[in-house]
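The values are calculated or read from the model by the stated rules, or taken from the named source; none is laboratory data. Everything numeric in this text was worked out from a predicted model, so none of it was measured. No Cβ is skipped: glycine too gets one built from the backbone with ideal geometry, and neighbour counts run over all protein chains shown. Quick note on the areas: whole protein, heavy atoms, side chains included, nothing else; ligands and nucleic acids left out. Shrake-Rupley method; radii C 1.70, N 1.55, O 1.52, S 1.80 Å.
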Amino acid sequence: DGCLSPSTCCAWAQVQLDLGLYDEAAEKCDVILSSGTTSPIHQLVAYIESEALLAMAKQDVQEGKFGLCLSHLQKGIDRLNSLSVQFSSSENFYCVTKLLGDLYTFAESLPSYVFILSSFSEETHDDESTFLSHEVQNQMSFIAKGEEAYMMAQKLAEIEGDSDEDYPYLVASAASDLGTNLLAQARVCSAALGEGSGGGTKTSMFDMAARSGKIMDLITRSINSYTKAIDLNPHDASAWNGLGTALATVDPLLSQHAFCRALQIDKMLADPLSNVGMMYADFGKTDTSSEVLDALTQVADTPLMWVGRGLLLEKSSIEWKGQEESSEACMIKAADAYRAALQIMQNPAALMGLSLTCRRSYNGFGKSGDTVYSYLSDKASKSESTISMKIHQNLTGSGNLGACYLDSLMTIEEGLERLTALNDSESLSMIKEGKSDLAAVKIRTEISDKFISPQRKTEFNYVPLPTKTSLHPRVTGMFPSDLVDVVNNESVPDAGECDLPPDTCNIYDARNNALLNPETGEAWLQYAKTLLNELSFATSTSPTEVRESGNMAYALNVIKYAATKALQLLQNRVIHASLITPRRLIHQGTPVEYSEKSVVSSIPSTTLISEAKSLLSWVEDADSLNRGDPGSRASHVSLQESLLLDPSNVFAMEVLQILDELNNYS
C-alpha cells in the first residue's frame, strides 16, 4: 500500500466494502488514517471505515461475539466523532450524523450485560428507572445518543431545505430512523421489566406500555417521528412498517392498516408481512395468520416466518386436547419449525420455542418398551433443550423472567443427574448455582410485580401432559427422595458429605430391563452399576458376612458379565453407527406409524463407554485389589482410555489412583 496514493487506497477500500470484505476494508482504512498525514480524503476514509465496522458488528452479533461487536461500534463512533469539527459547516455532515445514529441504535441487538462496565448512563430521577439494572440504564443511554444524532441530521437537512430539492426525503429519512431509535429504547426498557415472561401476568409490550409512562412516552414519540416521515414521503414503505410496529403496542387496528399500506407500496417487503402475520397469530386469527405466512414464503426466508409456524403448531397442539398422539405430532412439527428458523439466524424467540417444544419428543415412548429409542430420544431432546435455553439467555441477557426460571431449573436438573451418576463436587456446585439463580429471579419477579401490578383477571395457558406422567417420567426413580432433600436443604453439602444409599428395589427393575432389551448396551450398563451400588452398600454395612459368603464372588461375576456385554454392544454401535426410528405401535389390531417422530443417532455417548470400560477394569482386578496387588498393566491402560473418553469419570480416576499407589508401594 505504500506505493499507492491515499485516494487510490480509499477507492480500493470502497470496492472491498461493496464486495462484503469488511475486515479488509477496515484494515486498509486504518493504514490510511495512521499514515500521519492529513488530507481531505481522510474524511471519506473515516466514513468508509465506520460503515465497515457497522457491518462487522452485525456479523459479530450472529456469531455471539457481543463484546467484539460493542468494540467495533465504539471504534466507528470515535472515527465519526473525530470528523464533527471538519464537517460542521458542510452538508456532508448529514450522512455522518445518520451513520452515527445507526451505530448507536444497533446496540439494541446486544444483551445488556455487555454494558456492565460501561459508563454511558446519566443520573435519572424518575421512579421507573430505579427498577432497571445499571447495565440496562447504560445500554439505554448508549442508544439514546443515537436519538441526538438523528435529531441533528434533521436540523442539518432543514437548514439546507431552501437550496436542496431533496430536502423532504432527507428529513423523512432522518425522522424514520429517529422513530426506530425511540422504539429500540422502548423495547430494551420493556424487556428489562419482564416483557414476554408469560405466566398469569400479562407482559406483552401492549400491556407494558399501558402501565409504564416511560415506555409509553418513547412509543408516542416514535409514532410522531414515523408520522412526520410519512407526511414528508408518503411512499416510504419502511416508514409505514415502522409506524405499524410502534402502533401495535397502542392500537392494533391502526397497526394493521399501516402494515397493509407498506405492502401496497412494496409487495416484496418481508418485514410488514412478518409483523402482520405474527399479530394475527397473537390475537388468535390462526387461519389468517397461516395465509400471511404462506405469502411470506414467496417473498423471503425469514426467521419470523418459521417462528410464526411454530406458534401456530403449538396452538394446534392445544386444540388436540385429549388426543395425545395428534397433539404430540403438532408439538414435534413446531420444534422442527423453530429449528428451521435457527438455520437462518440465531433468533431468541426460536431458541425459546425450541427449548420448550423439543422436550415433548419422547413422551409416550416408554409405553412401547422401546428402550433404545426412548433413552436416546430423551437424552437428545434434553440436551437440545438445555443448550437452546443457554444460548437464549446469552443472547438476551436474561431479560425474560420465565426463561430465567426455566434456566435455573434446568441447571438444578443437570446437577441432580450428575449427582446420581458421579456424586462429585461439580454436581453440587451446579445445584448451588441453580438455587442461587432461582432466588435472584424470585426477587426480580417481586420487583416486576410491584411495577406492573396487573389489574385484569389472571389467565393460565393450558399445557397438555399425559395423565400419569410428569415432565420427566422414569419408572426406576430418577431422583430419589434423598436427592430431593439435597435440593430442598438451605445449604447443599459438600461432595464428601453426600452419601446416597441405593434403592434396593431398583435392582429388579434393572435386571428385567436388561432381559427385555438384551441388545441394549445402556440396559446392561445400568444393571452392572446397580449391582455394584448394591454390593458396595452391603459391604459397607456388613463386610464380614458378605465376604465370607459366596455372594461376593457371584455378584462380581454377574457385574463382569453385564459390564462386558454393555461394552461390546456400545462399541458395536460406534463401529456400525445408524439412525434409530421408533417402533410401530399396534392399537386394536391397527398399526400406527409415527412418521412425525424424529430419528435419533445410535452412536452412544462417550460417557457410557468410559463408564463400561472403567467398571470392567475394576471388576477384573477386584481380587488383586483386595489382596493389595497393583493389578495388571491392561487395567491401567483401560482406565487411562476411560479417562481419555470422559475426563470427568470419577470412578476411573479413583481406581487408577489406587492402582498407582499400590504400584509405588510395591
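Remarks
- Positions within region 301-328 being surrounded by 14 or more Cβ atoms within 10 Å (Cβ to Cβ), over 24 Å from the mean Cα position of the chain (by Cα) and in a loop (DSSP other than H, G, I, E, B), in sequence order: TRP320
- Among the residues making up region 387-404, those that are open to solvent by less than 20 Å² (accessible area, probe 1.4 Å) and either touching a strand residue (DSSP E or B) at 6+ places or on another chain (Cβ under 9 Å) or of a type in the set (S, T, N, Q) (or both) are SER388, GLN393.
- Matching residues in region 604-619 - criterion: being under 18 Å from ARG418 (Cβ atoms) and among the β-branched types (Val, Ile, Thr): THR606, THR607, ILE609
- For beta carbons closer than 8 Å, sequence separation of 6+ or different chains, a first residue in region 246-259 that is under 12 Å from TYR226 (Cβ atoms) and modelled with pLDDT of 90 or more and a second that is open to solvent by less than 20 Å² (accessible area, probe 1.4 Å) and of a type in the set (Val, Ile, Thr), the qualifying pairs are ALA246/ILE219.
- Restricting region 501-512 to residues that are polar (S, T, N, Q) and at pLDDT below 85 leaves a set whose member that is farthest from TYR561 (Cα to Cα) is THR504.
- Some residue of region 282-293 being under 23 Å from the mean Cα position of the chain (by Cα), crowded, with 18+ Cβ neighbours inside 10 Å and not hydroxyl-bearing (Ser, Thr, Tyr): no
- Where ILE332 falls short, out of the listed (1) surrounded by 15 or more Cβ atoms within 10 Å (Cβ to Cβ); (2) without any contact (Cβ under 8 Å) to a residue 60 or more places away in the chain: (2)
- Residues in region 410-419 that are over 25 Å from GLY67 (Cβ atoms) and touching a Gly at 6+ places or on another chain (Cβ under 7 Å) were compared, and the one that is least open to solvent (accessible area, probe 1.4 Å) is GLY415.
- Contacts under 6 angstrom Cβ, first residue in region 136-153 being in contact (Cβ under 8 Å) with a residue 24 or more places away in the chain and under 16 Å from TYR226 (Cβ atoms), partner of a type in the set (Val, Ile, Thr) and open to solvent by less than 10 Å² (accessible area, probe 1.4 Å), 6 or more apart: ALA153/THR97
- Test for PRO252: is it open to solvent by less than 70 Å² (accessible area, probe 1.4 Å) and in contact with a Phe, Trp or Tyr (Cβ under 8 Å, 6 or more places away or on another chain): yes
- Only listed residue being modelled with pLDDT under 90, surrounded by 20 or more Cβ atoms within 10 Å (Cβ to Cβ) and closer than 22 Å to ALA192 by Cα, chosen from LEU103, LEU132: LEU132
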